[in-house]
1. Taking a threshold of 31 Å on the Cα-Cα distance, which of the pairs Lys323/Lys433; Lys323/Lys432; Lys74/Lys432; Lys133/Lys432 fall above it?
2. Pairs of Cα atoms under 8 Å, at least six residues apart: use those to get the relative contact order of segment 6-393, whole percent.
3. Would you mind ranking Ser517, Ser372 so that the residue whose beta carbon has the fewest other beta carbons within 10 Å leads the list?
4. Hey, fewest Cβ within 10 Å first, where do Lys138, Lys323 land in order?
5. Taking only the alpha-carbon positions of segment 6-393 and ignoring solvent, what does the Debye formula give for the base-10 log of I(q)/I(0) at q = 0.07, 0.11, 0.12, 0.14 Å⁻¹?
6. By how many nm would the segment from Thr197 to Arg395 grow when fully extended, if each residue of separation counts as 0.36 nm and the alpha-carbon distance is taken off?
7. By counting other Cβ atoms within 10 Å of each Cβ, how are Arg324, Arg422, Arg215, Arg139 ranked from fewest to most?
Amino acid sequence: MPVLTSFAEIAVLLVMAAVIGLVGTLARQPLIVSFIAVGLIAGPSALDVVHSDAQIDLLSELGIAVLLFLVGIKLDVKLIRSLGVVSVLTGLGQIIFTAFFGYLIGLGLGLGHVTSLYVAVALTFSSTIIIVKLLSDKREIDALHGQIALGFLIVQDLVVVLAMIVLSAIGIGAADAGHGGGSVLTVLASGLALVATVVLFVRYAANPLTERLARAPELLVIFAIALAAMFAAIGDVVGLGKEVGGLMAGVALASTPYRETIAARLAPLRDFLLLFFFIALGATLDLSLLGAHVTGAILFSLFVLIGNPLIVLAIMGAMGYRKRTGFLAGLTVAQISEFSLIFVAMGVSLGHVTEDALGLVTMVGLVTIAASTYMITYSHRLYAVFEPLLGAFERKGTPREPSEAGAHAASSYKVIIFGLGRFGTAIGLRLKKRGIRVLGVDFNPQAVRRWRNLGLEADFGDASDPEFVAELPFRGAEWMVSTVPIHPTGLSHEDTRRTLIQLARSAGFSGRMAAASHSAGDTEVLFGAGIDLVLEPFQDAADRAVELLCGAAGEERTEFPEIAAEGRETG
């Protein structure tokens with residue numbers, strides 16, 4: 001076979017990704033699994049057709065920077081403050097639990113003290129990139145469990161940095177592992193300096209600079225990419241890592257009015273670049289090392305897939321969070337990270353552990369990454385299955401998530417709206433103007449807060465949580481409206497809507513139901529599910545526009561200028 005150029009190799013990867021991704025989609029498999037499979041097939045363990053590691057790694061690292069930038073640009077500083085304690089306690093608790101029991105399992109398998117310690121520490125790292133990508137695809141990065149998960153993933157990343165520094169201090173080049181070396185004090189000082197830089201930028205430069213750049217939208221996008229890459233590079237050099245640097249770059253622009261525009265423009269680029277991250281991850285998995293410790297790999301994989309979610313669920317339950325929130329957040333740590341492989345590889349280079357240990361961790365990584373992808377993708381269905389068994393993980397009253405629905409028990413609402421985005425907000429404001437009392441429900445704390453700022457009443461809660469829905473004030477309500485958008489990954493909200501209908505009827509709702517649809521097929525599904533009125537935002541808006549254009553232009557039109565601003569953030 002002739003030697004391929006770098007361009008030809010990347011072209012081969014793209015073709016393989018398109019073909020295998022299509023096959024995976026037809027088989028209803030998550031794209032991440034398909035892309036990792038591309039890396040395995042193209043890598044040295046199979047076809048061995050790609051050797052442009054430096055170019056692929058570069059694209060992969062840029063994708064990581066853009067991904068974390070897009071997470072940071074949507075972060076609410078007030079929310080970070082409120083979730084700081086649970087993030088730190090959950091993150092550290094999971095690390096301590098996994099390391100301690102992982103070490104004991106290793107000893108039980110006869111791995112020896114040093115090997116058991118390396119493997120146990122490697123098991124504590126979860127993949128921030130995979131988790132954030134999956135939650136972003138499901139539009140759950142803004143949900144409470146998504147925000148908490150992001151918080152303790154950042155804690156994990158900081159522990160990764162410290163672990164690399166410790167290994168560097170005993171003679172291993174941490175810089176080879178993708179993080180800059182340095183002392184703990186240097187890293188802390190660099191982190192404080194980076195935070196100070198972001199604060200000053202937000203205070204004095206962010207708004208005027210982005211306003212100027214927004215006159216040329218292409219330049220605004222280039223600036224955003226440059227900022228993400230620059231902060232990621234700085235974070236890498238000073239020892240904080242590309243992930244933290246990219247996240248801080250996003251935070252630097254989170255307060256600007258153009259953040260939604262930037263996020264929308266960069267989303268396709270993020271998905272393209274992250275393709276190379278997953279391909280590179282698959283290519284690093286050496287299948288020739290997998291057969292030595294099958295039993296150990298199965299035990300460690302089950303420990304990560306079951307033990308990690310349970311400890312997160314237990315800690316969050318003890319802190320007063322609902323079992324549903326703890327379960328959904330816990331599923332995000334049911335895998336090990338690419339840094340787990342790097343960590344053990346460093347141990348091999350030092351001579352502390354053998355390549356068998358690297359093969360063991362590689363197999364655990366392969367199993368847990370694939371399995372957790374399905375667990376996160378179908379998290380709500382899994383919760384429905386295990387919910388009867390999770391009562392022990394929830395404190396009575398869940399003080400961290402007060403049941404605000406109960407506070408409205410004596411209230412009378414004519415309309416209850418689920419989904420407080422642009423469309424739901426527009427409906428709520430117009431109903432309020434007509435003197436109709438409306439209650440909004442959303443699982444995004446920011447959306448609830450924005451509704452309340454507009455003078456509307458809102459509850460924080462999940463529409464598919466039976467306990468929450470049962471507490472809603474349905475008595476006297478004439479309409480229940482769902483404006484929940486269609487899922488962007490192809491996993492539709494049909495089940496959620498049907499669940500909501502069943503739960504509302506069981507809770508005593510006897511009124512009529514309406515739901516938003518964006519396609520003819522979805523409209524048929526909704527009518528079949530028992531919906532009384534299907535709202536088609538685009539079609540209804542077009543009908544109204546035609547009425548205005550054909551002679552009704554003089555009619556009074558209700559204006560809500562605040563919707564545009566709020567809609568850019570919630571839509």
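Quick note: the coordinates plus some simple rules give every number you see, no bench work behind them. None of these values were measured; they are calculated from a predicted model. Quick reminder, even Gly has a Cβ in these numbers, built from the backbone with ideal geometry, and neighbours come from all protein chains shown.
1. Exceeds cut-off: Lys323/Lys433; Lys323/Lys432; Lys133/Lys432.
2. In percent, rounded to a whole number, it is 27.
3. Going from least to most buried by this count: Ser517, Ser372.
4. Least to most surrounded, the residues fall as Lys138, Lys323.
5. These q points yield log10 I(q)/I(0) values of -0.30, -0.79, -0.95, -1.32.
6. Stretched fully, the Thr197-Arg395 segment lengthens by 67.2 nm.
7. Arranged by neighbour count, lowest to highest, Arg324, Arg422, Arg215, Arg139 become Arg215, Arg139, Arg422, Arg324.
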